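A.B. asks: Input: one structure, supplied below.
The values are calculated or read from the model by the stated rules, or taken from the named source; none is laboratory data. Since the model is a prediction, treat every value here as computed from it, not as a measurement. We place every Cβ from the backbone using ideal geometry, glycine too, and count neighbours over all the protein chains shown. In case anyone asks, the SASA skips ligands and DNA or RNA and just uses the protein heavy atoms, side chains included. Shrake-Rupley method; radii C 1.70, N 1.55, O 1.52, S 1.80 Å.
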Amino acid sequence: ASGAADYITKPYDPQVVRARVKAFIDLYRQREAVRRGQVALRTQERDEAIRRLVALERIATAALETNDLQALLRELLAAFIQAADAADSATILLRDGEWLKVLACAGLEDEATLRSKVRVGEGFAGLIAGERKPLEISRDTISSVLDAPAIFGGSGARALYGVPLLHEGQVLGVAHIGSTRASQFPSPEKRLFLAAADRAALAVARQLETTRLNEVLTVAPAFIAIVSASTGEYLFVNPPMRRLFGDGLSRVTELPGFGERAAAAIRQAKALGETVEVPELSIPGRESAPAHVRFTAQPLRDPSGAVDRVVVFAIDITFQVEAHRDLEEAQRVRAKLLDRERAARHAAELASTTKDEFLATVSHELRTPLNAILGWASIARSRPAAEVDRALAVIERNARAQARIVEDVLDFSRMSKGKMRLSLQNVDLGEIISAALESVRPAAEAKDVSIDVQLNLEYPLLADPERLQQVAWNLLSNAVKYSGQSGRVRVFASCTAEAAKLLVADNGQGIDAEFLPHVFEPFRQANGSTTRRHGGLGLGLAIVRQIVQAHGGSIEAESEGAGRGAVFTVELPLHTAHRPAVETDAELRGIDTETEASNVRLDGVRVLVVDDDDDGRELMGRALIARGADVTLVAEPGDAILELQRTQPHVLVSDIAMPDIDGYELIRRVRSLPPSEGGQTPALAITAHAGKEVPARALESGFHRYAAKPMDIEAFVLTVATLAGVVQDQLTGEP
């Protein structure tokens, strides 16, 4: 129980001890002899197995190089039969989904076997594949589970031994051997066959991988070739590569353009032993061929580690290259559009800022004289009569300043829309300049500004005298305004047979270089802040440019900078002028302020005045009554209809903007009356609206004349007298 092989008791007999020891020695010697014999047998078997496995490896390698699966399988079958002395037949079945198909057989297998297949899990080979382990059966001992005739057929085999072909855990197929001589295979032969099957599974797996790889390379959309690293010859070219460069090519260097770069990449890959990438390469155009490819050269090594082949792998990147170019072009276009948008936004922001500054300036320019008007009106109420004249003078001066501001805005609006009226006639430019000088002389004397005048004028100028006077007055008043105390203004005018030239220069404030290009733009002022020294809307020079251009001329501004004065030069063609757009009939039939009306009387003239504004209505009434008219004042258009029918006035004066019923509707109702009820009464429209559509609409509605607020009282009286027939109509010449 403790481990001894025998025992004796004391006292012991020496002979017994010797006999027992000798018996154990003989037993050891016998066992050792058996062991040595078994070792020698196993060594012989091992050497034979190694020999046969080496032969199998050689056969498999040779078959792989041919890329011929059938040849590989035939060589493997021969090796299987050699691996087992008792074997005289062999079969290989490869898996195809749920089926095992016989691809090769050798020995005593009949022809029908080559066309047979078996489902995994059924039959002899199916059980081997399903259970993934070896199986041996004998015709004499086969179980009832298996059908002996179906398995053995007419082959005469007495025993079958099969093993699964496994690779990385997957069943690739089944290999089995048969024997007609023995009912079972010796264990050494089965071990050798199992080892051979393992080698066969690896060879089959490699062959299948190679076959699948070739299939993939053949159908791949890329351009693939395997090139000899030493000779540059093609070892493999897939169909897309052949279609790209033609079937007749044998060496990489034969590919124009692409070949030189590919050969260089192959040499580099061989030398470095690593992948070389060519990101973009243009290739010669072939029909349906790409224009640009990206390719890599991947070195392949032989068993010794040396680079013997290079895989050239190229893809078509024409679409990407063209898309990238299109994207770059789109980005360039987008950048241009962005620059334009930024410029437009900057212009819009500048215009918005300019508009805000202009509105602030308008507010300031209107409120300043309004402050004087209201203030002096209050003073006039409380002061003695001696100071009333001064108050009235201040009120009138500031009211005219406000009217000038409104006229500037309206002038620019009309000019910017091409609706400037020019009354062209022969004009003496010297007289125009002299009249403008007289207007600005008081302001110049107040600042002790000297004005030097040099005129060299021989020819008359075809121009609108009022508009030309506006040009001269604007330039001269600006020169005086921006001159310092005791400054100097120089005026020079000359003319040739073709053109007249007017130059106005001063040594005053000057113009910054940054602002100089914008000096003629509307609403722009070099200083639009509340600390600016000089008033104005910033429209004067814009209006001047419009007038000059309407006459077909040009105007330029020059300045050496702030504090160094400015020079304005106007050039006008002598005998030709731009013909502006013709104004509407309503504008042509407006009030003529040039006619002297101080002596016009309205004795016996009945006038009906309609205005919802009490002050405006009273103002018109007083002006007409002062000239002897019989005036009826009403605030409501409804009352005006009744009064018109009752009094039959000679002239109807009506405001346009009134609540409920405006002047347009009133005159339409008047014109719908019969003549006996005043339906044909001459009518004058009065409005503060300055839109260009107002005069035309007033005439279309039934008015005969149109006057804008603030009114020139003398012109207003003259217009009423004209409508009443007291004075001759200056447009028609009729009484």
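A.B. asks: Name the pairs whose Cβ atoms lie under 9 Å apart, with the first residue in region 263-275 and closer than 18 Å to residue 314 by Cβ, the second hydroxyl-bearing (Ser, Thr, Tyr) and part of a helix (DSSP H, G or I), and 6 or more positions between them or separate chains?
C.D. replies: Partner pairs satisfying both residue conditions: 263/253.
A.B. asks: Every residue in region 610-640 that is of a type in the set (D, E, K, R) and more than 19 Å from residue 711 (Cβ to Cβ), please.
C.D. replies: Going through region 610-640, the residues of a type in the set (D, E, K, R) turn out to be 611-615, 617-618, 622, 627, 630, 636, 639.
Those that are of a type in the set (D, E, K, R) and more than 19 Å from residue 711 (Cβ to Cβ): 630, 636, 639.
A.B. asks: Sticking with this structure for a sec: Yes or no: residue 670 in contact with a Gly (Cβ under 8 Å, 6 or more places away or on another chain), at pLDDT 90 or above and under 16 Å from residue 609 (Cβ atoms)? Break it down into steps so the answer makes sense when it comes.
C.D. replies: On the way: in contact with a Gly (Cβ under 8 Å, 6 or more places away or on another chain): yes; at pLDDT 90 or above: yes; under 16 Å from residue 609 (Cβ atoms): yes.
For residue 670, the condition - in contact with a Gly (Cβ under 8 Å, 6 or more places away or on another chain), at pLDDT 90 or above and under 16 Å from residue 609 (Cβ atoms) - is met.
A.B. asks: While we're here: Among the residues of region 660-671, is there at least one that is open to solvent by less than 40 Å² (accessible area, probe 1.4 Å) and touching a Lys or Arg at 6+ places or on another chain (Cβ under 6 Å)?
C.D. replies: Here is the first cut: in region 660-671, the residues open to solvent by less than 40 Å² (accessible area, probe 1.4 Å) are 661, 663-664, 666-667, 670.
Checking which are touching a Lys or Arg at 6+ places or on another chain (Cβ under 6 Å) leaves us with none.
No, region 660-671 contains no residue that is open to solvent by less than 40 Å² (accessible area, probe 1.4 Å) and touching a Lys or Arg at 6+ places or on another chain (Cβ under 6 Å).
A.B. asks: Across region 112-130, which residue is modelled with the lowest pLDDT among those that are open to solvent by 40 Å² or more (accessible area, probe 1.4 Å) and in contact with a strand residue (DSSP E or B) (Cβ under 8 Å, 6 or more places away or on another chain)?
C.D. replies: 114
A.B. asks: Could you list, ordered by first residue, the pairs with Cβ atoms under 6 Å in which the first is in region 601-628 and in contact (Cβ under 8 Å) with a residue 24 or more places away in the chain and the second is among the acidic types (Asp, Glu) and surrounded by fewer than 18 Cβ atoms within 10 Å (Cβ to Cβ), at least 6 apart or interchain?
C.D. replies: That search, which allows pairs on different chains as well, returns 606/630; 628/603.
A.B. asks: I've got another one for you. For region 302-319, which positions are on the phi < 0 side of the Ramachandran plot and free of Cβ contacts under 8 Å to residues at least 12 places away in the same chain? Break it down stepwise before answering.
C.D. replies: If we filter region 302-319 for residues that are on the phi < 0 side of the Ramachandran plot, which is where we start, we get 302-304, 306-319.
Once the filter is applied, which keeps residues that are on the phi < 0 side of the Ramachandran plot and free of Cβ contacts under 8 Å to residues at least 12 places away in the same chain, region 302-319 yields 302, 303, 304, 306, 319.
A.B. asks: Separate question: Taking the residues in region 177-206 that are of a type in the set (S, T, N, Q), out of contact with any Gly (no Cβ under 9 Å at 6 or more places or on another chain) and surrounded by fewer than 21 Cβ atoms within 10 Å (Cβ to Cβ) as candidates, determine which candidate is farthest from residue 75 (Cα to Cα). Steps first, answer last, please.
C.D. replies: First, the residues of region 177-206 that are of a type in the set (S, T, N, Q): 179-180, 183-184, 187.
From what's left, out of contact with any Gly (no Cβ under 9 Å at 6 or more places or on another chain): 179, 183-184, 187.
Among the residues that remain, those that are also surrounded by fewer than 21 Cβ atoms within 10 Å (Cβ to Cβ) are: 183-184, 187.
Details: 183: 26, 184: 24, 187: 23 Å.
So, considering only residues that are of a type in the set (S, T, N, Q), out of contact with any Gly (no Cβ under 9 Å at 6 or more places or on another chain) and surrounded by fewer than 21 Cβ atoms within 10 Å (Cβ to Cβ), the one farthest from residue 75 (Cα to Cα) is 183.
A.B. asks: Which of the residues spanning region 659-708 are part of a helix (DSSP H, G or I) and either of a type in the set (Phe, Trp, Tyr) or in contact with a Cys (Cβ under 9 Å, 6 or more places away or on another chain) (or both)? Quick ask: steps written out before the conclusion?
C.D. replies: At the first step, the residues of region 659-708 found to be part of a helix (DSSP H, G or I) are 663-671, 675-677, 693-701.
Correct list: 664 only.
A.B. asks: Conditions: (1) modelled with pLDDT of 85 or more; (2) open to solvent by 50 Å² or more (accessible area, probe 1.4 Å). Residue 713 meets all but one. Number of the miss?
C.D. replies: Here residue 713 meets the rest and fails (1).
A.B. asks: Would you please name the residue that is modelled with the highest pLDDT, looking only at residues in region 225-260 that are assigned to a helix (DSSP H, G or I) and of a type in the set (A, V, I, L, M, F, W, C)?
C.D. replies: Initially, region 225-260 is screened for residues assigned to a helix (DSSP H, G or I), giving 239-245, 252-254, 258-260.
Now drop any that are not of a type in the set (A, V, I, L, M, F, W, C), which leaves 241, 244-245, 252, 258.
Numbers: 241: 78, 244: 67, 245: 63, 252: 51, 258: 59.
Restricting to residues being assigned to a helix (DSSP H, G or I) and of a type in the set (A, V, I, L, M, F, W, C), the top hit is 241.
A.B. asks: When the residues of region 446-471 are narrowed to those that are part of a loop (DSSP other than H, G, I, E, B) and either open to solvent by less than 30 Å² (accessible area, probe 1.4 Å) or in contact with a His (Cβ under 7 Å, 6 or more places away or on another chain) (or both), which ends up modelled with the lowest pLDDT? It would help to see each step written out before you state the result.
C.D. replies: Just the residues of region 446-471 that are part of a loop (DSSP other than H, G, I, E, B), to begin with: 447-449, 457-460, 464.
From what's left, either open to solvent by less than 30 Å² (accessible area, probe 1.4 Å) or in contact with a His (Cβ under 7 Å, 6 or more places away or on another chain) (or both): 449, 464.
Working: 449: 90, 464: 86.
Only one residue tops the list, namely 464.
A.B. asks: With (1) at pLDDT below 85; (2) β-branched (Val, Ile, Thr); (3) open to solvent by less than 10 Å² (accessible area, probe 1.4 Å) as the list, and residue 531 as the residue in question, which single condition is left unmet?
C.D. replies: Residue 531 satisfies all of (1) at pLDDT below 85; (2) β-branched (Val, Ile, Thr); (3) open to solvent by less than 10 Å² (accessible area, probe 1.4 Å) except (3).
A.B. asks: Restricting to region 212-224, and then to whatever is in a loop (DSSP other than H, G, I, E, B) and open to solvent by less than 80 Å² (accessible area, probe 1.4 Å), can you tell me which residue is modelled with the highest pLDDT? Even if it seems obvious, please write down each step before you answer.
C.D. replies: From region 212-224, those in a loop (DSSP other than H, G, I, E, B) are 220-222; that's our starting set.
From what is left, the residues that are open to solvent by less than 80 Å² (accessible area, probe 1.4 Å) are 220, 222.
Values: 220: 77, 222: 80.
Applying the filter and picking the extreme gives 222.
A.B. asks: Take the conditions closer than 17 Å to residue 226 by Cβ, in contact with a helix residue (DSSP H, G or I) (Cβ under 8 Å, 6 or more places away or on another chain) and modelled with pLDDT of 80 or more and apply them to residue 314. Does it pass?
C.D. replies: Details: closer than 17 Å to residue 226 by Cβ: yes; in contact with a helix residue (DSSP H, G or I) (Cβ under 8 Å, 6 or more places away or on another chain): yes; modelled with pLDDT of 80 or more: yes.
Yes: the conditions hold for residue 314.
A.B. asks: Any chance you could count how many residues in region 290-332 are in a helix (DSSP H, G or I), surrounded by fewer than 16 Cβ atoms within 10 Å (Cβ to Cβ) and not acidic (Asp, Glu)?
C.D. replies: If we filter region 290-332 for residues that are in a helix (DSSP H, G or I), which is where we start, we get 318-332.
Still in the list and also surrounded by fewer than 16 Cβ atoms within 10 Å (Cβ to Cβ): 318-320, 322-332.
Right, trim to not acidic (Asp, Glu) and you get 318-320, 323-325, 327, 330-332.
The total comes to 10.
A.B. asks: Do any residues in region 652-672 that are among the polar types (S, T, N, Q) have Cβ atoms under 8 Å from those of residues that are surrounded by 14 or more Cβ atoms within 10 Å (Cβ to Cβ) and in a loop (DSSP other than H, G, I, E, B), where the two are at least six apart or on different chains, and which pairs are they?
C.D. replies: Matching pairs, first to second residue: 654/611; 654/703; 672/679.
A.B. asks: For region 487-514, what are the residues that are open to solvent by 30 Å² or more (accessible area, probe 1.4 Å), over 18 Å from residue 431 (Cβ atoms) and not aliphatic (A, V, I, L, M)?
C.D. replies: Restricting attention to region 487-514, the residues satisfying the condition of being open to solvent by 30 Å² or more (accessible area, probe 1.4 Å) are 488, 490, 492, 496-499, 501, 507, 509, 512-514.
Then keep just the ones that are over 18 Å from residue 431 (Cβ atoms); that gives 488, 490, 496-499, 507, 509, 512-514.
Selection gives 488, 490, 496, 498, 507, 509, 512, 514.
A.B. asks: Any idea which of 445, 431, 438 is without any contact (Cβ under 8 Å) to a residue 24 or more places away in the chain, more than 60 Å from the chain's Cα centre (by Cα) and closer than 24 Å to residue 546 by Cβ?
C.D. replies: Values: 445 fails: closer than 24 Å to residue 546 by Cβ; 438 fails: closer than 24 Å to residue 546 by Cβ.
Going through 445, 431, 438 in turn, the sole match is 431.
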